[in-house]
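The values are calculated or read from the model by the stated rules, or taken from the named source; none is laboratory data. A quick note: this is a predicted structure, and the numbers were derived from the prediction, not measured. Side chains are part of the model used for accessible areas, which takes the heavy atoms of the whole protein and leaves out ligands, DNA and RNA. Shrake-Rupley method; radii C 1.70, N 1.55, O 1.52, S 1.80 Å.
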Amino acid sequence: NAVLLFSAFAVQMCLFFRTAGVLNVQYGVFYVLYSAANVVYIVGAGSYFGVRLRTTTVATAATLGTYLCLSYLLGGLVNAMFLQLFWPAMTSSRGPTSRIMLLGFATSMGTIVVEFVLGRHLLRRACRSVRQYVF
């Protein structure tokens, strides 16, 4: 799976450079953190669901389902509740757009932290289950 993950990362970096134009260091660091959090979560959830569930298909579906739920619902990409709660505050601001940027950054950083913590926790649980039932 490492070849697929690195190739996906390479394609995403090419798209990032294409859309960003000139490389900005802050965006690059944030993008690497976001990609690393995705990899940690997918590896941890895949290992955990692979150990705990009976079939590979169900484990893959559970991993993909929880990843999509975290990315799109918690991450604010398609979070209607996020827009409903913060849209009046963002549009009533007469000053700079820093509030909008900080709210977007906060949801993205929250997603990164949750993915790192949950991925690490699920990987530890998978290792514990393997040690308990195999050895």
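How much accessible surface does Cys127 have with a 1.4 Å probe, in Å² rounded to 10? About 60 Å², rounded to the nearest 10. At the residue level, Phe6 shows approximately 150 square angstrom of accessible surface with a 1.4 angstrom probe and all protein chains present.
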